[in-house]
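**Student:** Before we start, here is the structure in question, set down as C-alpha cells.
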Amino acid sequence: MRITDVKLVPLYSPLKEPMRLSVGTLEKRPFALIEVHTDEGIVGLGETFVNFPPWSVEERKVTLENVKKLLLDEDPTNIEAIWKKIYAPLVKMGLQGGCKGAIIQVISGIDIALWDILGKVKNQPICKLISDNPKQKLKLYATGLSVSDPVGHAKKLVSEGYDTLKLRIGFDPEKDIELVKNVREAVGKSVRLIADANMAWDYEKALEMARRLERYELFWLEEPIICDDLDSMSRLAAELDTWIGAGENAYGFAEFERMVKKRAADVLMPDVSKTGGITDGIKIAKLINSSGLPFSPHFYGSEVGFAATLHFVAATEGCLIVQRDISDVPLFKDMLKEPIRIDDGYAEVPKDPGLGIELNWEKLEKYRVG
C-alpha cells in the first residue's frame with residue numbers, strides 16, 4: 001500500500017453565538033480535516049487545529065501542499081518510519097521560519113489519518129492497536145457554555161449528566177468573578193468547575209485572580225498566563241493550592257518534557273490535533289505518567305479529532321477527564337452518519353476500524369469552502 005495524495009478539507013460552520021475567548025472572537029467556526037489517500041482505495045481521516053489565528057486554514061493548506069511531497073509513495077501503515085522521515089526536518093524548518101507550531105499541527109493531522117488507515121487495514125479500532133485492554137467509556141467535561149445564558153446552560157448540562165464544566169474567563173476581572181460565582185451557586189459544590197483564562201494575565205494579576213477564585217473551589221485554573229513562560233508558570237503552580245492546567249499550546253514531546261521538569265502545571269493538557277498526533281500523544285502520556293502528574297487532553301475541533309482523542313485516552317493511562325465541546329455548532333450535528341454515543345456525561349469509544357466514524361458528506365458539503 002502506498003500514499004497517492006494528501007488533501008486538506010476546509011470547513012466553516014455558522015454560529016448562533018460568537019465564540020469569544022480572551023485571545024479573540026470567532027463569528028464562524030473553522031475546521032480543517034486532512035485526508036490521506038492510498039492506492040488501495042483506503043482513505044485516512046485526520047484533523048489539524050485551526051481556530052486561531054483567523055488565517056490558520058489558509059496557512060495549513062499551503063504547509064500541507066509542501067509536506068505531502070515527503071509522503072507520496074510511502075507506506076502509510078509504517079507510521080514510525082514516516083515520523084523519522086518528516087518530523088525532524090520539518091521541525092527544523094519551522095524553527096528557522098518561526099512556524100514550528102503550525103508545522104507540528106499539520107503533522108498531527110497527518111498522523112491521525114495514518115492511524116485511521118492502519119486501523120482500517122488491521123480491521124481494528126485505533127485504541128486496540130495501542131492497548132490490549134482499552135477503556136470502552138470515558139468521562140467528559142463540558143466546555144462551550146452559552147455566552148447569553150451561562151447559568152441556564154450550566155444547569156441544563158448538569159441535568160444531562162455532566163458533573164464537570166469549563167468556564168471561559170480572562171475578560172473583565174469583576175465579570176469573571178461574577179460568572180464563576182453565579183455558576184457555582186447555580187450548580188452547587190458537587191459539580192467541578194474549570195476556569196480557562198487563555199493566557200489573559202501577567203503573573204501578578206494571575207496570582208490575584210487565583211486567590212479571589214479560591215473560594216469557588218476550582219478543579220483547575222487553565223492557562224492563567226502566557227504558557228511559554230515556564231518559570232512564571234512554575235512559580236504560580238507552586239504558590240497556589242488550586243491546580244494549574246496547561247499544555248494545549250505545547251508542541252511536541254520535548255516541550256512537554258520541559259513543562260514536566262519545571263513543574264509548570266499540575267494538569268498537563270496535550271491536544272492530538274496540535275501537539276504531535278496520536279504517535280507523540282502516546283509518548284507524552286507515558287512521560288506524564290512517569291512524573292506522577294495527571295493529564296486531561298485538550299481538544300476544541302470537530303468530531304474527527306474528538307474520535308482521535310477518545311482512542312488516544314482509551315489506550316493510555318493517567319487521564320483525569322476528557323474535554324467535550326458542547327457549543328451550538330450546526331456542523332457537529334451534521335458531520336457523522338452515526339454520532340459518537342454520549343450518555344450521562346460519558347462517551348463511548350468508537351468500536352469500528354480506525355477512528356470508527358463515517359463522515360456524512362451529503363450534509364457536510366454545505367460547510368465546505370475551497
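**Student:** Once you keep just the Cα pairs under 8 angstrom separated by 6 or more residues, what percentage relative contact order results for the chain?
**Tutor:** Taking the mean separation of contacting Cα pairs over the length of the chain, I get 21 percent.
**Student:** Take E338 and K366, extend 7 Å from each Cα along the Cα→Cβ direction, and tell me the distance between the two endpoints in nm.
**Tutor:** 2.5
**Student:** Where q = 0.10, 0.12 Å⁻¹, what log10 of I(q)/I(0) comes from the Debye formula for the chain, counting one point per Cα?
**Tutor:** -0.59, -0.87
**Student:** Please arrange C319, C127 by how many other C-beta atoms lie within 10 Å of their C-beta, fewest to most.
**Tutor:** C319, C127
**Student:** Which distance in nm do the two modelled labels at R212 and E17 give, with both placed 7 Å along the Cα-to-Cβ direction?
**Tutor:** Taking the two extended label points, one gets 2.2 nm.
**Student:** Further question: Sum up the charges of everything whose Cβ sits under 12 Å from the Cβ of I321, counting Lys and Arg as +1 and Asp and Glu as -1, but leave I321 out.
**Tutor:** Surrounding charge for I321 is +3.
**Student:** So between F52 and K85, what do we pick up on full extension, going 0.36 nm a residue minus the alpha carbon distance?
**Tutor:** Extra length available between F52 and K85 comes to 9.1 nm.
**Student:** Would you list the membrane-span-like helices of the chain, meaning whole DSSP H runs whose alpha-carbon atoms span at least 18 Å along their axis and whose mean Kyte-Doolittle value is at least -1.0?
**Tutor:** Membrane-span-like by this rule: 79-97, 100-122, 173-187, 277-291.
**Student:** Can I ask one more? Would you mind telling me which residue in V267, V57, V147 has the biggest mean-square fluctuation in a Gaussian network model of the chain, where springs connect alpha carbons within a distance under 10 angstrom?
**Tutor:** Taking springs between Cα atoms under 10 Å, the residue moving most is V147.
**Student:** Taking amide H atoms as placed 1.01 Å from N in the peptide plane, list the residues 5 or more away in sequence, or in a different chain, whose amide H sits under 5 Å from that of I244.
**Tutor:** Long-range HN contacts for I244: L221, D266, V267.
**Student:** Could you compute the net charge surrounding A81? Neighbours are other residues with a C-beta less than 9 Å from the C-beta of A81; K and R count +1, D and E count -1.
**Tutor:** -1
**Student:** Further question: So what's the Cα pair-distance distribution over segment 6-61, bin width 10 Å, in %?
**Tutor:** 23, 44, 23, 9, 2
**Student:** Roughly speaking, what is the centre-to-centre gap between segment 329-370 and segment 91-125 when only Cα atoms are used, to the nearest Å?
**Tutor:** Measuring centre to centre over Cα atoms gives 21 Å.
**Student:** Ranked by Cβ crowding within 10 angstrom, fewest neighbours first, how are M209, M1, M259 ordered?
**Tutor:** Final ranking by Cβ density, sparse to dense: M1, M209, M259.
**Student:** What distance in nm lies between label points placed 7 Å from Cα along the C-beta direction at L26 and D241?
**Tutor:** That separation, rounded to one decimal, is 3.7 nm.
**Student:** Suppose every K and R has +1 on its Cβ and every D and E has -1 on its Cβ; what is the size of the dipole of the chain about the Cα centre, in Debye to the nearest 20?
**Tutor:** Magnitude of the dipole: close to 220 debye.
**Student:** Sort 244-253, 355-364, 303-312 for me by packing, meaning the mean count of neighbouring Cβ atoms within 10 Å per residue, highest on top.
**Tutor:** Put in order of decreasing packing, that is 303-312, 244-253, 355-364.
**Student:** Among F49, T25, L114, pick out the residue whose Cα is farthest towards the positive end of the charge dipole of segment 4-138, where Lys and Arg carry +1 and Asp and Glu carry -1 on C-beta, about the Cα centre.
**Tutor:** The residue sitting farthest along the positive end of the dipole is T25.
**Student:** Enumerate the calculated ³J(HN,Hα) couplings along segment 136-145 in order (Karplus 6.51 cos²θ - 1.76 cosθ + 1.60, θ = phi - 60°), each rounded to whole Hz, writing x wherever the residue is Gly or Pro.
**Tutor:** Per residue, the Karplus-derived 3J(HN,Hα) values read 9, 10, 10, 6, 10, 10, 9, 10, x, 4 Hz.
**Student:** Set Lys and Arg Cβ to +1 and Asp and Glu Cβ to -1, take the dipole of segment 128-367 about its Cα centre, and tell me which of A347, G252, C227 lies farthest positive.
**Tutor:** So the residue furthest toward the plus end is A347.
**Student:** Output wanted: per-residue J couplings in Hz (rounded whole) for segment 335-344, from phi through Karplus 6.51 cos²θ - 1.76 cosθ + 1.60, θ = phi - 60°, x for Gly and Pro.
**Tutor:** Here the 3J(HN,Hα) series is 6, 10, 5, 10, x, 5, 6, 10, 8, 6 Hz.
**Student:** Related question: For the chain, modelled as a Gaussian network with Cα springs under 10 Å, which listed residue fluctuates most, G119, G44, G94?
**Tutor:** G94
**Student:** Just how far, in whole angstrom, is segment 156-233 from segment 257-279 if you go by their alpha carbon centroids?
**Tutor:** Going from one Cα centre to the other spans 20 Å.
**Student:** Rounded, prolate or oblate: which one fits segment 3-124, using the alpha carbon gyration tensor with axes a ≥ b ≥ c (rounded when a/c is under 1.5, else prolate when a/b beats b/c, else oblate)?
**Tutor:** oblate
Taken together, the values in this text are just the output of simple stated rules run on the coordinates, not laboratory data. None of the values given here were measured: they were computed from a predicted structure. Please note: Cβ atoms are built from the backbone with ideal geometry, for glycine as well, and neighbour counts cover all protein chains shown.
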